[in-house]
Amino acid sequence: MNGGRRVAVLLMAYGGPERLEDVEPFLLDVRGGRPTSPELVEEIRGRYAAIGGGSPLLAISRRQAAAVERALREGDDGGTDWRCFVGMRHWTPYVREAVAEIAAAGFDRLVALCLAPHYSRMSVGAYHRALDAALEAEAEATGRRIEATRVAGWGDEPAFLDAVARRVTEGLEAWPETERRGVHVLFTAHSLPARLVAEGDPYDDELRRTAAAVAERVEARRGGELSWGFCYQSQAAGARDWLGPPIEDEIARLGGEGVRDLLVAPIGFVADHVEVLFDLDVEAKQLAAEAGVHLERTASLNDDDDFAAALAGVIRRAAPA
């Protein structure tokens, strides 16, 4: 294209069934081939039915990839041919399929970034292990080895924090100006087993630092103190000893303390999917109503141009020379 270097970008996300009939095979993949009880399959299928009959995650991830590719090319000096690809951990197109596509397109260098801002060996680490397996399989099948640079956590990226702060500021505008000072902002992220923290995993610390940095930015924008907290959501059914506090307990506590207006900001997620559209927009909202609390949610970043530019900055700095 331009005679300079060529770098592929692999954006990785969890994956999700796009049709209700895909729910059971999707769960089979998530569970490593272990069958799921018919009762749980029906429960999960009901969640996807409630958000429109399937996950929008793949379509959004592809739009994110297109936006990031534009940002990379617009911010380049003409010396790099950037191409963005999407690979999913638990559904099509799998990470291995994306790696095969990258190889077929003739790229020998890639930057891999998981569309989750905060590192844990259980989450982002699992994506990196899937990438390693895909790269090795490609090398064995074709003899072609691709040089890969892996981005770990990027939750402290200033442009990302700015984009989230804008979403929070906009979310507060759901209330009349005279009532915004009384709104409590609750930052959330997907829970993981608590033992990870004891083992030195940075996930919890990274999330809490992101929440504090976003709150600071919102306070600077509004010119006043922000009432805020942090909790976890979407822990596995029946899970014990997971990171907390869980959002269910926080909603009940805040309602009991007289909080009547709550803005949830899911800083651990960057796209609309079932854990946002159902766990928050349906379940959490219902729990809040039962506790006498009016709950709203910040809009997801999705393919926001500022967010794409933030990712492009992370990728550009990580790319091999």
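The values are calculated or read from the model by the stated rules, or taken from the named source; none is laboratory data. Just so we're clear, the structure is a prediction, and the values are computed from it rather than from any experiment. We place every Cβ from the backbone using ideal geometry, glycine too, and count neighbours over all the protein chains shown. Heavy atoms of the whole protein, side chains included, go into the accessibility calculation; ligands, DNA and RNA do not. Shrake-Rupley method; radii C 1.70, N 1.55, O 1.52, S 1.80 Å.
Data table
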{"read-out": "Given (1) of a type outside the set (Val, Ile, Thr); (2) part of a helix (DSSP H, G or I); (3) over 19 Å from His90 (Cβ atoms); (4) open to solvent by 30 Å² or more (accessible area, probe 1.4 Å), number of the condition Ala67 does not satisfy", "value": "(4)"}
{"read-out": "Matching entry among Leu57, Leu10, Leu72 (being touching a Leu at 6+ places or on another chain (Cβ under 7 Å) and modelled with pLDDT of 95 or more)", "value": "Leu10"}
{"read-out": "Matching option when the condition is more than 30 Å from Ala105 (Cα to Cα), open to solvent by less than 10 Å² (accessible area, probe 1.4 Å), touching a residue at least 24 places away in the same chain (Cβ under 8 Å) and assigned to a helix (DSSP H, G or I), among Leu196, Leu186", "value": "Leu196"}
{"read-out": "Some residue of the stretch 201-213 being of a type in the set (Phe, Trp, Tyr) and touching a His at 6+ places or on another chain (Cβ under 6 Å)", "value": "yes"}
{"read-out": "Condition check for Gly223: under 27 Å from Asp261 (Cα atoms), surrounded by 15 or more Cβ atoms within 10 Å (Cβ to Cβ) and of a type in the set (Gly, Ala, Ser)", "value": "no"}
{"read-out": "Residue tally, condition outside any helix (DSSP H, G or I), modelled with pLDDT of 95 or more and either surrounded by fewer than 21 Cβ atoms within 10 Å (Cβ to Cβ) or among the aromatic types (Phe, Trp, Tyr) (or both), over the stretch 297-321", "value": "5"}
{"read-out": "Matching residues in the stretch 281-321 - criterion: being within 30 Å of Ile44 (Cβ to Cβ), more than 14 Å from the chain's Cα centre (by Cα) and aliphatic (A, V, I, L, M)", "value": "Val282, Ala284, Leu287, Ala288, Ala289, Ala291, Val293, Leu295"}
{"read-out": "Of all residues in the stretch 147-165 being hydrophobic (A, V, I, L, M, F, W, C) and outside any loop (DSSP other than H, G, I, E, B), the one that is surrounded by the most Cβ atoms within 10 Å (Cβ to Cβ)", "value": "Val164"}
{"read-out": "Extreme residue, nearest to Ile146 (Cα to Cα), among residues of the stretch 1-35 that are β-branched (Val, Ile, Thr) and open to solvent by less than 20 Å² (accessible area, probe 1.4 Å)", "value": "Val7"}
{"read-out": "Pairs, first closer than 26 Å to Leu280 by Cβ in the stretch 297-321, second among the basic types (Lys, Arg), C-beta under 6 Å, six or more apart", "value": "Thr298/Arg167; Ala299/Arg167; Asp303/Arg63"}
{"read-out": "Matching residues in the stretch 231-249 - criterion: being open to solvent by less than 20 Å² (accessible area, probe 1.4 Å) and either outside any loop (DSSP other than H, G, I, E, B) or polar (S, T, N, Q) (or both)", "value": "Cys231, Tyr232, Gln233, Ile247"}
{"read-out": "Of all residues making up the stretch 77-108, the number that are surrounded by fewer than 16 Cβ atoms within 10 Å (Cβ to Cβ) and either without any contact (Cβ under 8 Å) to a residue 12 or more places away in the chain or part of a strand (DSSP E or B) (or both)", "value": "3"}
{"read-out": "Test for Ala265: is it under 16 Å from the mean Cα position of the chain (by Cα), under 30 Å from Thr80 (Cβ atoms) and buried (at least 18 other Cβ atoms within 10 Å of the Cβ)", "value": "no"}
